[in-house]
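A short write-up of the structure that comes next.
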2 protein chains.
Amino acid sequence: MADFRQIAILGVGLIGGSIGLAALKRKIADKVVGIGRNADRLARAQRHGCISEGTTDWQAGIREADLIVVCSPVESIIPLVEQLVPFCQPGTIITDAGSTKQTIIETLHASESVRCRKDVYFVGSHPMAGSDKSGADHAQADLFDNRVTIVTPAPETDRTAQANVRKFWESLGSRVLEMSPAEHDAAVAITSHLPHVMASLLAASTPESLLELTATGWADTTRVAAGDVELWRQIVSTNRGHVLQSLTNFEKLLAAFRASLEAGQDEHWIKLLEQGKHHRDIVGS
Amino acid sequence: MADFRQIAILGVGLIGGSIGLAALKRKIADKVVGIGRNADRLARAQRHGCISEGTTDWQAGIREADLIVVCSPVESIIPLVEQLVPFCQPGTIITDAGSTKQTIIETLHASESVRCRKDVYFVGSHPMAGSDKSGADHAQADLFDNRVTIVTPAPETDRTAQANVRKFWESLGSRVLEMSPAEHDAAVAITSHLPHVMASLLAASTPESLLELTATGWADTTRVAAGDVELWRQIVSTNRGHVLQSLTNFEKLLAAFRASLEAGQDEHWIKLLEQGKHHRDIVGS
């Protein structure tokens, strides 16, 4: 017997498609309905086995769902959930896959449309999985295997819904960690948003005439800079304070590196290279 | 008919092993002799097809060579070449695969032992190929295919030897660019050494407690930080001035990004993300 009767996925891209593929393969839901704006893309996702069926009519798509997973860009999550909630059946759980959490969760818990449905439960999630490829064409049933998903309960979060969302991600193969939305946003500013900004600035700072003199080191270090700029604009914008804090910390470290290199205090900057290697080796390939 | 009778490779690691593998496969040399300090490692490289034979006796190893390729860490290249030159047969060409060039080439051209052998020719090279794996076990015959190798002639460089070294790298599949040692060092400070430093500092600045919250973005951006610290110490040390210049330029860009993010002048930092994506897309996967 499946955990959910019907899962609705809003936004069937790499993440949404991989959730559907894994949920159907692992029989976590009897049915997965994909909701999107492009019927051709939905048809292709269906052929790939990511969804049981697709629809561009979101009201029809969510009508029978007992779990809704919103996989759209972070700035669209709040208006989408506010719009959906009045049409949900009683008991429906809504979660998301957004890369930032504090603004989304604070706004939704304060939202009139969400507050007046005591029988519909929002629980914030962030699966820490991804790829440099996008779209359901690159969906992988094992994308969440051994990957961390962060579930971010707030004081207003329903504890049963929280436990069910946790179980859902675990069923997809994830290791689930729970922390507050603010803790989440501070952590991912360091582990995800700062690396993205650095990759972008490295690529931006390389003169076009020198691009032919790059090798695998440059290619690896800047890989994520090829990501969708609008998606990253939304992530950085909605996590501005924490990203600024992580930049300030990084600037201090960089200044210390430069100063010791300049002064010939080699033991200082070598220690930083060693610490970097130590952390990188812990994470492994 | 092969281009060289016998190639001697000093240091049969990833680069040296791949040179031997490619040279033998493409019949660029009748024989490739690997020279190293560890007989077991040489025997393994021989079994992998990287070298025709191996020896720990460098004098014996270079005796019959008409091309010597020094693939050892940058700081060891100068003393090795100075030691080798008196024992070379007339007409021998020596090149290297070091990541920095100016110090090596200026020192060698000023060196007494090199200057008094007018019939032995040193030409600096830097194949821009690599891997995050090291050792001859990971050698690839196609490592240089479609990769740039920079050949760095100085005013003292023999033009015939320079043309032969160029042809040698082209025979291995490389696209060869020629520039002065100083131009080379300034360019790779930006395209290779700066990315390495950034990757190391990013990894170093991530608190150990947050490492489990990293995903593919962090993993890609910090990958090269796992590299051998001693090798990178030598590279950064021997290219200190250019690395400092590239750090200063990067610090300015980073400060501009942070200032515009802080001030809410979003169009400025978004433009930097767009420029980063543009450059990354030019390079491709």
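Side notes on the structure shown:
- Filter pass, B:Lys167 being outside any loop (DSSP other than H, G, I, E, B), surrounded by fewer than 22 Cβ atoms within 10 Å (Cβ to Cβ) and among the charged types (D, E, K, R): yes
- Boolean, B:Gln245 is crowded, with 18+ Cβ neighbours inside 10 Å, among the polar types (S, T, N, Q) and farther than 18 Å from A:Ile282 by Cα: no
- Taken together, B:Ser192, B:Ser200 contain a single residue that is closer than 21 Å to B:Pro181 by Cα, within 7 Å of another protein chain (Cβ to nearest Cβ) and crowded, with 22+ Cβ neighbours inside 10 Å, which is B:Ser192.
- Failed condition for B:Val224, given (1) more than 15 Å from the chain's Cα centre (by Cα); (2) surrounded by 24 or more Cβ atoms within 10 Å (Cβ to Cβ): (1)
- Filter pass, B:Ala182 being under 16 Å from the mean Cα position of the chain (by Cα), surrounded by fewer than 22 Cβ atoms within 10 Å (Cβ to Cβ), in a helix (DSSP H, G or I) and more than 10 Å from chain A (Cβ to nearest Cβ): yes
- For the residues A:Val224, A:Val243, the requirement of being in a helix (DSSP H, G or I) and closer than 30 Å to B:Arg175 by Cα singles out A:Val224.
- Considering region A:250-261, the residues that are surrounded by 15 or more Cβ atoms within 10 Å (Cβ to Cβ) and at the interface with chain B (Cβ under 7 Å from one of its Cβ atoms) include one that is nearest to A:Val197 (Cα to Cα), namely A:Phe250.
- Residue list for region A:267-285, filter: within 7 Å of chain B (Cβ to nearest Cβ) and farther than 15 Å from B:Met198 by Cα: A:Asp281, A:Ile282, A:Val283
- Filtering region B:68-90 to residues that are under 13 Å from the mean Cα position of the chain (by Cα) and more than 21 Å from B:Asp3 (Cβ to Cβ) leaves B:Ser72, B:Pro73, B:Val74, B:Glu75, B:Ile77.
- Going through (1) over 11 Å from B:Val283 (Cα atoms); (2) facing chain B (nearest Cβ under 7 Å); (3) free of Cβ contacts under 8 Å to residues at least 60 places away in the same chain one by one, A:Ala215 falls short only on (1).
- Residue tally, condition closer than 28 Å to A:Arg115 by Cα and either touching a residue at least 40 places away in the same chain (Cβ under 8 Å) or of a type in the set (Val, Ile, Thr) (or both), over region A:141-161: 9
- Search result, residues across region A:230-239 that are crowded, with 19+ Cβ neighbours inside 10 Å and either facing another protein chain (nearest Cβ under 8 Å) or among the charged types (D, E, K, R) (or both): A:Trp232, A:Val236
- Between A:Leu231, A:Leu194, A:Leu210, A:Leu202, the distinction of being assigned to a helix (DSSP H, G or I), of a type in the set (A, V, I, L, M, F, W, C) and more than 24 Å from the chain's Cα centre (by Cα) belongs to A:Leu210 only.
- Residue in region B:37-54 that is part of a strand (DSSP E or B), assigned by TED's automatic domain parsing to the domain that holds B:Ser131 and without any contact (Cβ under 8 Å) to a residue 60 or more places away in the chain present: yes
- Any chance B:Ser174 is outside the structural domain of B:Lys27 (by TED's automatic domain parsing), out of contact with any Cys (no Cβ under 9 Å at 6 or more places or on another chain) and touching a residue at least 40 places away in the same chain (Cβ under 8 Å): no
- Candidates A:Leu272, A:Leu213, filtered to the one that is buried (at least 19 other Cβ atoms within 10 Å of the Cβ), in contact with a strand residue (DSSP E or B) (Cβ under 7 Å, 6 or more places away or on another chain) and not assigned by TED's automatic domain parsing to the domain that holds A:Pro127: A:Leu213
- The set of residues in region A:115-150 being β-branched (Val, Ile, Thr) and away from chain B (no Cβ under 13 Å) consists of A:Val120, A:Val123.
- Residues in region A:136-161 that are in a loop (DSSP other than H, G, I, E, B) and crowded, with 16+ Cβ neighbours inside 10 Å: A:Ala139, A:Ala141, A:Leu143, A:Phe144, A:Arg147, A:Pro153, A:Ala154, A:Thr157, A:Asp158.
- Count of region B:91-116 residues which are more than 12 Å from the chain's Cα centre (by Cα), outside any helix (DSSP H, G or I), without any contact (Cβ under 8 Å) to a residue 60 or more places away in the chain and buried (at least 18 other Cβ atoms within 10 Å of the Cβ): 2
- Residues of region A:31-52 that are under 23 Å from A:Pro86 (Cβ atoms) and surrounded by fewer than 19 Cβ atoms within 10 Å (Cβ to Cβ): A:Lys31, A:Arg37.
The values are calculated or read from the model by the stated rules, or taken from the named source; none is laboratory data. For clarity, every value in this text was computed on a predicted model and none was experimentally measured. In this analysis, Cβ positions are derived from the backbone assuming ideal geometry, glycine residues included, and neighbour counts consider all displayed protein chains.
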